[in-house]
Amino acid sequence: MATVIHTKDLAVSFDGHTPVFEGLNVAVERGEFVTVVGVSGAGKSTLLRVIADLIPPFRGSVSVDVPSDSSKRPIAMVFQAANLMPWRRVANNITLGLEELDVSAALKRKRVDWTLNLVGLEGYGDRWPYQLSGGQRQRIGIARALAVNPDILLMDEPFGALDAITRTGLQDELLHIWKETGKSILFVTHDIEEAVYLGDRVLLLGDRPGRIVEEYKIKLSRKSRRGGAAFLAQVERVKKGLQAAITASAV
C-alpha cells in the first residue's frame, strides 16, 4: 500500500527552543485507520495540526502524497467541537469548505446530500445548528469535512465531549463512513477502548519532548472488538503501556 502521510524526524516548538515533540516519524498508508493515544502534553493534537499545515514544523518534514485536484482538498480536519456557524443552516455549514474550490452549484448540492446521507442525517439540510443535538452537530462537523472529498481525514478527539451511548453510535458510524469512502484516517483520542476499537494500529506517544514509545497492531476482527476477552486483553496492553509512559515522563 502507498504511504499518504510521512513525517520525518519531526519536531514542533511554540517558543523556538523547547520542542513539544522531537524526532517523530509517523507513516499512514492509503486507506488505513490509525489512532493515537498518549501522555498529556506529548503533542497528540499538535501532530494533527502540523500535518494539516496549521502549525509550521520546527525541524524535520511532513509529506502528504495524494493526487492534486482543484475540486477537492487533500486533507480535512474534525475537531472536538463541531464549531458550526449559528447563522448558517446545516447545508450552508457543510458547503463552507467548498467555497474556494472549483465546484459547481450542482456538485455542491450533490455533496451536501451525499454527506448528510453518510452521517445518517438525510433531510436535515434546512435546519439551524441550534435545532441539533450535540451528537448531530458533531455528525455535521464530519459531513463538512467529508464534503471537500479529502483523501486524508484528521480527527482530534471528535467524540470526547459526548455521552457514552452517543459516542458508541458515532464510532460505528465513522467505521461505516471509512469503509464506504476508503479515506485514510488519523484519529487522536484519550479513550483507549475507542483507540483499540477503531484503529488498524494504535500509536502511543510518551516522554517530553514527545515521541512514539510503542505501536500496537490491532489484528482483531472489528466484529469482535466490542468486549470479549481478546479485545479487553488488547485494551489492557495499551493501558499498561500508557501507564509506563506516564511514569517515565514524570521522572
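Read-outs throughout are calculated quantities, based only on the coordinates presented, and are distinct from any laboratory measurement. In this text, all values refer to a predicted model and were calculated from it rather than measured experimentally. So basically every Cβ, Gly included, is an ideal-geometry build from the backbone, and we count neighbours across all protein chains shown.
Only helical DSSP H runs with n ≥ 4 go in: add -39500 (n - 2.57) per run for the chain, normalise by residue count and round the 222 nm mean residue ellipticity to 500 deg cm²/dmol.
-11000 deg cm²/dmol
When averaged across all projection directions, what area in nm² does the alpha-carbon convex hull of region 190-229 cover?
Projected over every direction and averaged, the Cα hull of region 190-229 covers 3.1 nm².
State whether region 143-210 is rounded, prolate or oblate according to the following rule on the C-alpha gyration tensor (a ≥ b ≥ c being the square roots of its eigenvalues): a/c under 1.5 gives rounded; otherwise a/b larger than b/c gives prolate, and the remaining case gives oblate.
Judged from the Cα gyration tensor, region 143-210 comes out oblate (a/c at least 1.5, b/c at or above a/b).
Please give me the summed charge of the neighbours of Val78: other residues whose Cβ is under 11 Å from its Cβ, Lys and Arg +1, Asp and Glu -1.
Result for the local shell: 0.
Quick check for me: using +1 on Lys/Arg Cβ and -1 on Asp/Glu Cβ, what's the dipole size of region 112-205 about its Cα centre, in debye to the nearest 20?
It works out to roughly 180 debye.
Diagonalise the Cα gyration tensor of region 185-251 and give the resulting equivalent ellipsoid semi-axes, square root of 5 times each eigenvalue, largest first, whole Å.
23, 13, 9
Would you mind checking which residues have amide H under 5 Å from Glu29's amide H? H placed 1.01 Å from N; only 5 or more apart, or other chain.
Amide H neighbours of Glu29: Val4.
What's the extension gain from Asp113 to Ala161 if we count 0.36 nm per residue and subtract their Cα-Cα distance?
Stretched fully, the Asp113-Ala161 segment lengthens by 14.6 nm.
Stretched out fully, how many nm does the piece from Arg88 to Ala27 gain, at 0.36 nm a residue minus the Cα gap?
Once the chain is fully extended between Arg88 and Ala27, it gains 18.3 nm.
What number of lysine-lysine pairs in the chain show an alpha-carbon separation below 14 angstrom, given a sequence spacing of 8 or more or placement on distinct chains?
Pairs that pass both the separation and distance tests number 4.
Counting C-alpha atoms alone, how compact is region 96-174: give Rg to one decimal and Dmax as a whole number, in angstrom.
So, for region 96-174, Rg and Dmax equal 13.0, 39 Å respectively.
Just round it to a whole percent: the fraction of Cα-Cα distances in region 20-124 exceeding 21 Å.
51 percent
Compute, for the chain, the length of the dipole vector about the Cα centre, with Cβ point charges of +1 (Lys, Arg) and -1 (Asp, Glu) only. Units Debye, rounded to 20.
For this selection, approximately 440 debye.
Of the listed peptides 230-239, 25-34, 194-203, what is their order by residue-averaged count of other C-beta atoms within 10 Å, with the highest listed first?
Ranking the peptides 230-239, 25-34, 194-203 by packing returns 194-203, 25-34, 230-239.
Cα-based Rg of region 99-251 per 2.2 N^0.38 Å, rounded to two decimals?
My calculation over the Cα atoms of region 99-251 gives 1.20.
What percent antiparallel are the DSSP beta bridges of the chain, to the nearest 5?
Given both bridge residues lie in the chain, the antiparallel proportion sits at roughly 50 percent.
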